[in-house]
Amino acid sequence: MLVVNDPMVIAHGRTMLAEDPRTTAVLDADFRDTEQIFASPEVRRLTRGNHPVAALFVSVLHCISDRDDPWDLVATVADRLPPGSYMVISQLTSPDPELRDEITDFMHGITDGRWGRVRAP
């Protein structure tokens, strides 16, 4: 399942994933809205009771501002996964505060402020 709210990514995702109703879906949603995602017919169709699944937060958490609490988002999803499930998390980090600020400022500028930040490791 691909959860995204960018129309271009949705179109490409649906083309690339060649939706098979038994194994794939593209969900047009904001991945911060966990209630909508877990309540969606697509998630209910692809999850089977207590069978383990994987939640992948790959190169997305740096896109969430601190005020939107990415840590709570991850905890909320982890709490809803069946036992034995997996979670993958990757996040842009740097030990260098100047580099973190430089990249964060650049990304804020080109996204009209719709970006989180590079965080300390």
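The values are calculated or read from the model by the stated rules, or taken from the named source; none is laboratory data. For clarity, every value in this text was computed on a predicted model and none was experimentally measured. Only protein heavy atoms, including side chains, enter the accessible area calculation; ligands, DNA and RNA are left aside. Shrake-Rupley method; radii C 1.70, N 1.55, O 1.52, S 1.80 Å.
How high is the relative contact order of region 12-121? Use alpha-carbon pairs under 8 Å, at least six apart in sequence, and give a whole percent.
Values: 126 pairs, mean separation 27.1, N = 110.
Dividing the mean separation by the residue count of region 12-121 yields 25 percent.
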Cα point-scatterer Debye curve for region 18-77, base-10 log of I(q)/I(0) at q = 0.14, 0.27 Å⁻¹:
-0.46, -1.32
Could you rank ASP79, ASP66 by how accessible they are, 1.4 Å probe, largest area first?
ASP79, ASP66
Determine ³J(HN,Hα), in whole Hz, for all residues of region 64-73 in sequence, where each value follows from phi through the Karplus function 6.51 cos²θ - 1.76 cosθ + 1.60 and θ = phi - 60°; x replaces Gly and Pro.
9, 6, 4, 5, 8, 6, x, 5, 5, 4
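Taking a ≥ b ≥ c as the square roots of the eigenvalues of the Cα gyration tensor of region 79-121, is the shape rounded (a/c under 1.5), prolate (a/b larger than b/c) or oblate?
Working: a/c = 4.82, a/b = 2.01, b/c = 2.40.
Oblate, because a/c is 1.5 or more while a/b does not exceed b/c.
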Given H placed 1.01 Å from N in the peptide plane, which residues other than close sequence neighbours of ALA25 have an amide H under 5 Å from its amide H?
LEU2
Please list, ordered by chain and number, the residues whose modelled amide H lies under 5 Å from the amide H of ALA55; skip anything fewer than 5 residues away on the same chain.
TYR86, MET87, VAL88
